[in-house]
Amino acid sequence: MSVTEQNEKQITASEQNPDSSNKINDVQFNSGYFGDYGGMFVPEILVPALEQLEAAFYEAIEDHDFMAEFHRLLNDYAGRPTPLYECRNLTSTSEGRIFLKREDLLHGGAHKTNQVLGQVLLAKRMGKKRIIAETGAGQHGVATALACALMDLPCEIYMGAKDCARQQPNVYRMELMGAKVIPVDNGSGTLKDAINEALRDWAASYEETHYLLGTAAGAHPFPTIVREFHKMIGEEAKAQIKEQTGRLPDYAIACVGGGSNAIGLFADFIEESEVKLVGVEPAGKGLESGHHGATLNLGKLGILHGSHTKVMSDDEGQIEESYSVSAGLDYPGIGPQHVYLQEIGRATYESATDDEALNAFKLLSQKEGIIPALESSHALAYALKLAKQSTPETLILVNLSGRGDKDLEYVRGLEKMKEKGE
Amino acid sequence: MSRYQSMFERCKKENTIAFIPFVMLCDPDLETSLEIIKCLVEAGADALELGIPFSDPVADGPVIQQAAIRALENKATPSRCFELLAKVRLLYPEIPIGLLLYSNLVYRRGIDTFYEECKKVGVDSVLIADVPLRETNFFDSVAAKNDIEPVHILPPLPSEQTLMKVSQSSKGYTYVLGRAGVTGADVAAKMPSEETMQQLKDYNAAPAVMGFGISKPEQVTAAKQHGFKGAISGSAVVRIIEQGLDDKRKMLSELSGFIGAMKAAT
């Protein structure tokens, strides 16, 4: 038996044997677990900060005034509810029907604004004086910057140096709104390194500073906070598709990097067993290529950024670098609730390659006049595949989580390289 | 009697406290790392705190991050670190050896396998930087089965409940943080309150050792006067390695001088 097999076997054995004392499940009595996944795997020094956040969060969502203020901002400032639009030209009349939940029309250009407004209100409620955040594609950074401008809070955004380069317009947007963008050079220069750096900052600054994590991954309570402050995506979409078609969709599809827009779409459908939930991961240059970010498909159980979850890791435990054409999906971990939904079979996780996503990006632009974010294009790519295999009776709900303006320069660069035959 | 107990007793008899340097295993490579560790012991280290390099060390500042990167670039793996540890133990049967690492390294190896290997090569204690008390059962129970002492961190300004739990859970020694933040020599440690020191005694905590932000002999003396039984210095040691990569002999002599001065201050 190889060392790899032995490790797998041992970890699996300890996970399947409920009597074994070697079980992560032993600590399940702590809050913050989805089945075996989640938890609070952070340096001791950050535990009081996370517990303070947890308490403030549960108190706030029961507080009528807090939630009223949150919804007022969502509606009047950010533009909720976002429309649900049935594509007219994207699929032929013999194929499945695709409905887009237009989070790309939300202020800031992506779904990220929802939960950022919630967390900034929470930070104010806790009396924090400064916000830090990480960002991958820059969408979470932009959302954080705009919310901090609105609330008059200083904010610093950690962003991988590689991501700064491929998302220049977003760097400028953040700076324009008063945020300080700190490029992170170490490691792979992408989202995971930005998170590391934000955690290091927070370990020194937690008394005055709120760490505004932007995805459904990370330590408890973040996966829960992020889901609760994004779940209106699914709630609205459910009501809208019922109104437009008289029933629930057959599929609810979202791209998955850390998993925030997907959990926001899925949350209100989890109980609706007839709705198939599908997350779409970045297959990059192909699942076999070794250059991808398909953590749920090919990752292993591990611990990253505070959570017992699936990670892209070698057998010795080093975190591997993920890859995707879209910076927002380029993350070697995943929100723990998705691992749980996959394990219990409630959601399935497919993947789309760079090329498939780029094709979907162009197709939606050409057929519907909507330029999607490269992240959302992954969800769309899978939806297109599904539509082709189905009939007009099939209703496919896709979370169009962001708009593609930020990607234009990058995609043009790729095209130019292709023309030159590189 | 455990190696830590013997060592703390010896220090007590000598009217000193323990000086414990930290270095990253296999930094910059296995062979040099062994020479460095020998140098630390010969120069007067009472115990060793050794890191296994990890790709995403969130509790570490830039100096120790760079040490991990150097080691990983030279193909360091936990397996090679265990090889190195076995060599160190063979050379020094009595010195307490503590490991400091991150949870994914333990988890991916298989938690049982990891602690069994620790036992096999003669490791005394393990501190997992990203496993706080509320998630620790899973690891500590396996550690206990293998006679490995789990070390836990007492953060600055702890609640009484945290202090009590750390006192109960941390074996070998109690790692008392000199300040918030990540590892590094740039921001100096501050002494905890008299009350905290008294509470540690009241709760029968394992000997209190101060770490984070310790880079000068006078800080070691201050720690002793404050009632600490030991002091850990990491980034200051690793910085000497970083700056001496081009001239190994000079690096070893500087390390020796630094360790000597720190130990002399105990």
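The values are calculated or read from the model by the stated rules, or taken from the named source; none is laboratory data. Predicted model, so just to flag it, every value in this text is computed and none were measured. Using ideal geometry, Cβ is built from the backbone for each residue, glycine included, and neighbour counts are taken over all protein chains shown. Accessible surface areas use protein heavy atoms only, side chains included; no ligands, DNA or RNA. Shrake-Rupley method; radii C 1.70, N 1.55, O 1.52, S 1.80 Å.
Looking only at segment B:134-170, residues that are more than 28 Å from A:Ala204 (Cβ to Cβ), more than 8 Å from chain A (Cβ to nearest Cβ), open to solvent by 20 Å² or more (accessible area, probe 1.4 Å) and not aliphatic (A, V, I, L, M) come to 3 in all.
Would you mind stating whether A:Ser313 is closer than 30 Å to B:Gly51 by Cα, surrounded by 24 or more Cβ atoms within 10 Å (Cβ to Cβ) and polar (S, T, N, Q)? For A:Ser313, the condition - closer than 30 Å to B:Gly51 by Cα, surrounded by 24 or more Cβ atoms within 10 Å (Cβ to Cβ) and polar (S, T, N, Q) - is met.
Taking residues in segment A:225-248 that are charged (D, E, K, R), and partners anywhere that are crowded, with 21+ Cβ neighbours inside 10 Å and assigned to a helix (DSSP H, G or I), the pairs with Cβ atoms closer than 6 Å and at least 6 places apart or on different chains are A:Arg227/A:Ile263; A:Lys231/A:Gly264. Scanning segment A:292-322 for residues that are of a type in the set (Gly, Ala, Ser) and facing another protein chain (nearest Cβ under 7 Å) turns up A:Gly302, A:Ser313, A:Gly317. The residues listed here are B:Ala180, B:Ala222; of these, the one that is at pLDDT 95 or above and either among the small types (Gly, Ala, Ser) or over 28 Å from A:Glu207 (Cα atoms) (or both) is B:Ala222. Looking across A:Ala137, A:Ala161, A:Ala149, one residue alone is surrounded by fewer than 22 Cβ atoms within 10 Å (Cβ to Cβ) and at pLDDT below 95. It is A:Ala161. The residue of segment A:164-199 that is surrounded by the fewest Cβ atoms within 10 Å (Cβ to Cβ), among those that are under 14 Å from A:Ile132 (Cα atoms) and small (Gly, Ala, Ser), is A:Gly178.
So which residues in segment A:91-108 are surrounded by fewer than 24 Cβ atoms within 10 Å (Cβ to Cβ) and farther than 30 Å from A:Glu393 by Cα? Result: A:His107, single match. Tell me yes or no: at least one residue of segment B:200-212 is open to solvent by less than 30 Å² (accessible area, probe 1.4 Å) and within 11 Å of chain A (Cβ to nearest Cβ). Yes, segment B:200-212 contains at least one residue that is open to solvent by less than 30 Å² (accessible area, probe 1.4 Å) and within 11 Å of chain A (Cβ to nearest Cβ). When B:Pro21, B:Pro96 are screened for being farther than 19 Å from B:Lys248 by Cα, touching a Leu at 6+ places or on another chain (Cβ under 8 Å), buried (at least 24 other Cβ atoms within 10 Å of the Cβ) and more than 14 Å from chain A (Cβ to nearest Cβ), only B:Pro96 passes.
Across segment B:99-114, the qualifying residues are those that are within 13 Å of another protein chain (Cβ to nearest Cβ), under 17 Å from the mean Cα position of the chain (by Cα) and within 24 Å of B:Gln5 (Cα to Cα), and the one among them that is surrounded by the most Cβ atoms within 10 Å (Cβ to Cβ) is B:Leu100.
In segment A:36-87, which residues are within 14 Å of chain B (Cβ to nearest Cβ), in contact with a Gly (Cβ under 9 Å, 6 or more places away or on another chain) and more than 28 Å from A:Leu400 (Cα to Cα)? Those that are within 14 Å of chain B (Cβ to nearest Cβ), in contact with a Gly (Cβ under 9 Å, 6 or more places away or on another chain) and more than 28 Å from A:Leu400 (Cα to Cα): A:Gly39, A:Met40, A:Phe41, A:Val42, A:Ile45, A:Leu46, A:Leu50, A:Glu54.
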